[in-house]
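Notes follow the structure.
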Amino acid sequence: MKRIVVFLSGRGSNFRAIADAVERGEIPETRIVAVFSDQAGAPGLLEARRRGIDVHALPRPPGGSRREHETVIRATLDPLEPDLICLAGYMRLLSSEFVAAYRGRILNIHPSLLPKFPGLEAQRRALEAGEVVSGCTVHFVDEGLDSGPIVLQRSVPVLPNDDEETLSARILEQEHHAYPEAIRKVLSS
Ligand code: GRF
């Protein structure tokens, strides 16, 4: 059995898509062993609990450094021996030490066709730039911002009347296909 850990900070719709794919047997020989969040109130954690998955709400302590926060996270994470850590709307950057410890075993999903529009508000920036095609990217995490090797991308049209909300929804629908597909690809390679 391959062991996935999901990191999220909010809504958790990508987590749900991954968990559904695992339940349907679309990511064979795999289970989600835990969900971690830096936000104790993240809706994605409720969903994980509902599914009987172990959750770990580990907020960054006020005034604490990233290093201290990651030390706390790794005390719980490392013994789980994850084959893959899936960042799914996890709104924190990981340190180079963390990335080095799990190199090649951390995936992220981003709502643009990287290398275009890394960072926050990618959908809004794609609209402002007048893009006619956008999409999502699943990539390995390295030390940079949304810059690691790409596993796969899915594109969507940008329509003339799109606003940030309509474009984000169209991209999100593709994210929910892309993430399970990327995980399957990485775990089977
Ligand atoms: C998604 O748009 C993802 O691409 C980005 O954060 C959002 C998370 O959404 N990294 P959700 O929490 O999975 O619903």
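Residue-wise test of (1) surrounded by fewer than 19 Cβ atoms within 10 Å (Cβ to Cβ); (2) closer than 25 Å to Glu68 by Cβ.
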residue: Leu93; (1), (2): yes, yes
residue: Glu97; (1), (2): yes, yes
residue: Ile109; (1), (2): no, no
residue: Pro115; (1), (2): yes, no
residue: Val133; (1), (2): yes, no
residue: Cys136; (1), (2): no, no
residue: Thr166; (1), (2): yes, no
residue: Leu172; (1), (2): yes, no
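Under the condition of being farther than 19 Å from Ile171 by Cβ, surrounded by 17 or more Cβ atoms within 10 Å (Cβ to Cβ) and within 15 Å of the ligand (Cβ to nearest atom), the residues counted in the stretch 26-50 number 10. Taking residues in the stretch 125-144 that are over 9 Å from Leu113 (Cα atoms), and partners anywhere that are of a type in the set (A, V, I, L, M) and surrounded by fewer than 18 Cβ atoms within 10 Å (Cβ to Cβ), the pairs with Cβ atoms closer than 6 Å and at least 6 places apart or on different chains are Val138/Leu152; His139/Ile150. Here Asp142, Asp146, Asp162 are screened, and the one residue that is touching a helix residue (DSSP H, G or I) at 6+ places or on another chain (Cβ under 9 Å), closer than 17 Å to Ala88 by Cβ, in a loop (DSSP other than H, G, I, E, B) and not aromatic (Phe, Trp, Tyr) is Asp146. Considered as a group, the residues in the stretch 5-25 that are basic (Lys, Arg) and near the ligand (Cβ under 9 Å from one of its atoms) include one that is most open to solvent (accessible area, probe 1.4 Å), and that residue is Arg11.
Looking only at residues of the stretch 109-130 that are within 11 Å of the ligand (Cβ to nearest atom) and assigned to a helix (DSSP H, G or I), we find that the one that is nearest to Leu167 (Cα to Cα) is Gln123. Of the residues in the stretch 96-103, none is within 16 Å of the ligand (Cβ to nearest atom), touching a residue at least 24 places away in the same chain (Cβ under 8 Å) and touching a helix residue (DSSP H, G or I) at 6+ places or on another chain (Cβ under 9 Å). Would you confirm whether or not the stretch 59-81 contains a residue that is open to solvent by less than 10 Å² (accessible area, probe 1.4 Å) and within 16 Å of the ligand (Cβ to nearest atom)? There is no residue in the stretch 59-81 that is open to solvent by less than 10 Å² (accessible area, probe 1.4 Å) and within 16 Å of the ligand (Cβ to nearest atom).
The values are calculated or read from the model by the stated rules, or taken from the named source; none is laboratory data. The structure presented is a predicted model; accordingly, all values stated were derived computationally and were not measured. All Cβ positions, even for glycine, are placed from backbone atoms using ideal geometry, and neighbour counts span all protein chains on display. SASA here: full protein model, heavy atoms, side chains in, ligands and nucleic acids out. Shrake-Rupley method; radii C 1.70, N 1.55, O 1.52, S 1.80 Å.
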